Amino acid sequence: MSKTLHLQTTVMPGGRIVIVDQDLIEGETVEVFVTKSPPKSQRSAIDILAEAPGYRIFESKDAVDDYLESEQESWEC
């Protein structure tokens, strides 16, 4: 009966990997398939927000200040 093990390991210096499982019997013939995982991207919060719709409504601090000032002036009727 065939049994499939799904393990994750880190490649060691020299491209070596180690597979340890108590169900493996010494001297037994096994097949090993190695699949490289895609790199995990670690994106910053700024990068994520930059892709969000409407993120860059204002291009600068001065643009924000001008907008807030005009809003405050509109309140003073």
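Details
- Longest DSSP-loop-exposure-free segment, GluC sites (Glu not before Pro), the chain, at most 11 other Cβ within 10 Å: 32-58
- Between 0 and 90°, nearest 10: helix 61-75 axis offset from the chain longest Cα axis: 50
- For the chain, the solvent-accessible area works out to 104 Å² per residue, with a probe of 1.4 Å and every protein chain left in place.
- Here the gap between V18 and S60, fully extended at 0.36 nm per residue and compared with their Cα-Cα distance, gives a gain of 9.8 nm.
- Within straight-line cross-link reach of K3, lysines at Cα separation under 19 Å, skipping those fewer than 8 residues along the same chain: none
- Most mobile of R16, R43, R56 in a GNM of the chain (Cα contacts under 10 Å): R16
- Multiplying the residue separation of R43 and E71 by 0.36 nm and subtracting their alpha-carbon distance yields 6.6 nm.
- Aspartates and glutamates with Cα under 12 Å of K40, excluding same-chain neighbours fewer than 8 positions away: none
- Percent of C-alpha pairs per 5 Å bin, the chain, short to long: 3, 9, 12, 11, 9, 7, 6, 5, 5, 6, 6, 5, 5, 5, 3, 2, 1, 0
The values are calculated or read from the model by the stated rules, or taken from the named source; none is laboratory data. Keep in mind that this is a model prediction, so the values were computed, not measured. Every residue, glycine among them, receives a Cβ derived from its backbone with ideal geometry; neighbour counts consider all protein chains shown. Surface areas here come from the heavy atoms of the whole protein model, side chains and all, with no ligands, DNA or RNA. Shrake-Rupley method; radii C 1.70, N 1.55, O 1.52, S 1.80 Å.
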